[in-house]
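The values are calculated or read from the model by the stated rules, or taken from the named source; none is laboratory data. Everything quoted here is computed from the prediction, not taken from an experiment. Each accessible area value is taken on the protein alone, full model and side chains, heavy atoms only, with ligands, DNA and RNA left out. Shrake-Rupley method; radii C 1.70, N 1.55, O 1.52, S 1.80 Å.
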Amino acid sequence: MKSLVDQVDPDNLDEYFSAVETFSQEMAKANSLSYTAGTADFDSVNNFAKGEANVNEGDSNLEQARRAIEEANRALKIASSLITAS
């Protein structure tokens, strides 16, 4: 039985391993950030007055987790595109 690495063109192995490593790192980051977002004390992150928008909304743990998942998805697409059908 062939492994996935055996199905990657040897000329593309560095790019494949880089994409796999990026995927792994971004998924770990997303996992950590989503856990933090789910367990954070809401009162400690709610530091804006009633009726005002949260100006830091784009940098929340949940938003950072979303961006990490997007990066992981890009890396997965790259890695999977380098695997050739046998």
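Among the residues of region 1-26, which ones are open to solvent by less than 60 Å² (accessible area, probe 1.4 Å) and outside any helix (DSSP H, G or I)? Within region 1-26, Ser3, Val8 qualify.
For (1) open to solvent by 100 Å² or more (accessible area, probe 1.4 Å); (2) at pLDDT 95 or above; (3) of a type in the set (Asp, Glu), each residue gets a yes or a no:
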site	(1), (2), (3)
Asp41	no, no, yes
Ser44	no, no, no
Glu52	yes, no, yes
Ser81	no, yes, no
